[in-house]
Amino acid sequence: MCSAGTRFDPRIGNNTMTTSSLSPAETGVLAQHQAQLAQGQFQIQKCQSCHQHIYFPRELCPHCGSDDVAFVTPSGQGTVYAVTTVRRKAAEGGDYNVSLVDLDEGPRLMSRVSNCAPEAVHIGLRVQAHVVVTDGQGVVLFNALDGVAP
Ligand SMILES: [Zn+2]
């Protein structure tokens with residue numbers, strides 16, 4: 001079960017993994033990835049040598065060391081692997097969840113299930129990725145796929 005109820009705030013979620021650690025001088029796949037997110041596109045990489053999927057983007061495949069990695073569009077579907085609730089005063093937006101999601105393609109990423117009350121997010125919940133763009137920066141969030149009222 002997953003019931004709606006959390007006030008939506010796209011600023012929280014996986015931004016520590018997407019933007020805050022980057023300096024303006026960084027280019028390459030991370031800059032490419034940020035540009036994709038800013039256009040609302042969620043892309044991961046696939047190694048052309050060992051065919052494993054990669055996320056967060058890297059210059060080299062972490063599985064086999066090949067530099068022949070290409071961006072591909074994932075299904076966006078995944079399963080919650082772990083979840084924790086971050087407590088916050090109601091005046092500051094209320095509690096929210098931080099979830100580790102295993103994409104169907106393999107990679108695991110830290111994000112947030114944004115269409116659920118924090119206590120409704122549980123291990124094994126099936127979720128679908130979407131990109132929320134705020135002030136020109138995109139973050140990947142997830143929506144629960146089962147039992148959610150629109
Ligand atoms: Zn590889």
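The values are calculated or read from the model by the stated rules, or taken from the named source; none is laboratory data. Because the structure is a prediction, the values reported are computed rather than measured. Note that we place each Cβ from the backbone using ideal geometry, even for glycine, and neighbour counts take in every protein chain shown.
For the reader, a short list of remarks on this structure follows.
- Taking the range 86-133 as the range and being closer than 29 Å to H51 by Cα and among the acidic types (D, E) as the test, the residues that pass are D102, D104, E105.
- C64 in a loop (DSSP other than H, G, I, E, B) and within 16 Å of the chain's Cα centre (by Cα): no
- Scope the range 84-98; condition small (G, A, S) and either exposed (fewer than 14 other Cβ atoms within 10 Å of the Cβ) or under 13 Å from the mean Cα position of the chain (by Cα) (or both); matching residues: A90, A91
- The combined condition, being surrounded by fewer than 15 Cβ atoms within 10 Å (Cβ to Cβ) and in a strand (DSSP E or B), is fulfilled by V133.
- Filter result (part of a strand (DSSP E or B) and surrounded by 12 or more Cβ atoms within 10 Å (Cβ to Cβ)) within the range 67-83: V69, F71, V72, Q77, G78, T79, V80, Y81, A82, V83
- Residues in the range 90-120 that are assigned to a loop (DSSP other than H, G, I, E, B) and at pLDDT 95 or above were compared, and the one that is nearest to L141 (Cα to Cα) is R112.
- Neighbours by Cβ (under 6 Å, 6+ apart or cross-chain): first from the range 38-54, closer than 18 Å to L109 by Cα; second of a type in the set (S, T, N, Q) and near the ligand (Cβ under 8 Å from one of its atoms): C47/S66
- Sole exception among (1) more than 16 Å from the ligand (Cβ to nearest atom); (2) surrounded by fewer than 19 Cβ atoms within 10 Å (Cβ to Cβ) for G106, by number: (1)
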